[in-house]
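S.K.: Questions regarding the structure given below will be posed in turn.
The values are calculated or read from the model by the stated rules, or taken from the named source; none is laboratory data. Owing to the predicted nature of the structure, the values given are computational and were not obtained by experimental measurement. Cβ sites come from the backbone with ideal geometry, for glycine too, and all protein chains shown count toward neighbours.
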Amino acid sequence: MDIVRFEPSSNEGAGRALPVSSLSNFFDAGNALAAKQACRKKNALLHASSYDVEEGDLLELARAGGALVFSLSDILLEYGFRRAILISKMRLALGACRKRGTCFVFATLAKDASQVRSPRELSAFAAVLGTTDVERKEAEKNMARLAGWAAKPKGHLQSAHAKVPSALGTSPPSAKKVKK
């Protein structure tokens with residue numbers, strides 16, 4: 001799942017890429033005031049290209065159920081020392097998100113089809129920033145929730161767990177024989 005800045009055609013992976021224009025809850029904050037206003041919106045996806053988001057704003061974003069968007073395209077556009085500084089700012093923002101309990105997601109925000117990256121590359125980008133496997137999976141769930149992708153039905157996991165005991169050779173508790 002990814003968010004892009006262009007309208008993907010059917011042959012450009014439209015099944016897994018969602019254009020920014022179709023998301024009413026996506027906000028691209030150019031300055032601190034715009035970020036502060038976007039943080040108060042319910043379920044907001046906030047992208048601040050400078051990654052200088054105040055901790056109070058992150059707390060507001062967490063209360064509203066939103067997430068901070070980390071963009072791979074921001075890094076790809078920079079070189080050398082500037083790229084290192086941007087990665088450092090991203091790591092600091094990620095640490096502040098953890099501290100304040102704010103959700104975060106990862107996207108390419110590609111401007112054209114040549115900038116789109118695979119899900120594996122997005123996962124590697126998240127790992128470079130210092131996320132754990134659990135955090136990356138949670139970020140994918142947050143992306144699905146906030147971008148409006150359909151989630152798996154709740155009964156799906158329950159039925160899978162119900163089959164595990166019999167697969168291991170044990171019977172479920174309700175099928176055990178009672179001694180007389």
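S.K.: State yes or no: is LEU86 modelled with pLDDT under 95 and either surrounded by fewer than 21 Cβ atoms within 10 Å (Cβ to Cβ) or under 17 Å from ASP2 (Cβ atoms) (or both)?
M.R.: Numbers: modelled with pLDDT under 95: no; either surrounded by fewer than 21 Cβ atoms within 10 Å (Cβ to Cβ) or under 17 Å from ASP2 (Cβ atoms) (or both): yes.
Considered against the rule, which asks whether it is modelled with pLDDT under 95 and either surrounded by fewer than 21 Cβ atoms within 10 Å (Cβ to Cβ) or under 17 Å from ASP2 (Cβ atoms) (or both), LEU86 comes out as no.
S.K.: Hey, any hits in region 48-56 for a residue that's closer than 16 Å to ASN142 by Cβ and surrounded by fewer than 14 Cβ atoms within 10 Å (Cβ to Cβ)? Spell out how you get there, then give the answer.
M.R.: As a first pass, look at region 48-56 and keep what is closer than 16 Å to ASN142 by Cβ: none.
No: zero hits.
S.K.: For region 101-116, give me each residue that is outside any strand (DSSP E or B) and crowded, with 18+ Cβ neighbours inside 10 Å.
M.R.: Within region 101-116, the first condition is being outside any strand (DSSP E or B), and the residues that meet it are 101-102, 108-116.
Hits for region 101-116 are THR102, THR108, LEU109, ALA110, VAL116.
S.K.: Residues that are touching a residue at least 60 places away in the same chain (Cβ under 8 Å), touching a Lys or Arg at 6+ places or on another chain (Cβ under 8 Å) and not acidic (Asp, Glu): find the strands (runs of 3 or more DSSP E) completely inside region 1-100 holding 3 or more of those. Spell out how you get there, then give the answer.
M.R.: On the way: elements: 2-4, 17-19, 26-29, 45-48, 67-71.
Counting at least 3 such residues, we get no strands (runs of 3 or more DSSP E) at all.
S.K.: It is to be established whether one or more residues within region 39-61 are in contact with an Asp or Glu (Cβ under 8 Å, 6 or more places away or on another chain) and farther than 28 Å from ARG120 by Cβ.
M.R.: Yes; the residues of region 39-61 include at least one that is in contact with an Asp or Glu (Cβ under 8 Å, 6 or more places away or on another chain) and farther than 28 Å from ARG120 by Cβ.
S.K.: Another one. Only one of these is closer than 21 Å to VAL4 by Cα, more than 16 Å from the chain's Cα centre (by Cα) and of a type in the set (Asp, Glu): GLU138, GLU78. Name it.
M.R.: Details: GLU138 fails: more than 16 Å from the chain's Cα centre (by Cα).
Just one listed residue meets the conditions, GLU78.
S.K.: Let me ask something additional. Does LEU58 satisfy being over 14 Å from the mean Cα position of the chain (by Cα) and more than 25 Å from ASP133 (Cα to Cα)?
M.R.: Working: over 14 Å from the mean Cα position of the chain (by Cα): yes; more than 25 Å from ASP133 (Cα to Cα): no.
Judged against the criteria, LEU58 is not a match.
S.K.: To continue, here is another question. State yes or no: is LYS163 at pLDDT 90 or above, surrounded by fewer than 16 Cβ atoms within 10 Å (Cβ to Cβ) and either touching a Phe, Trp or Tyr at 6+ places or on another chain (Cβ under 8 Å) or over 27 Å from ASN25 (Cβ atoms) (or both)? Outline the logic, then answer.
M.R.: Numbers: at pLDDT 90 or above: no; surrounded by fewer than 16 Cβ atoms within 10 Å (Cβ to Cβ): yes; either touching a Phe, Trp or Tyr at 6+ places or on another chain (Cβ under 8 Å) or over 27 Å from ASN25 (Cβ atoms) (or both): yes.
No: the conditions fail for LYS163.
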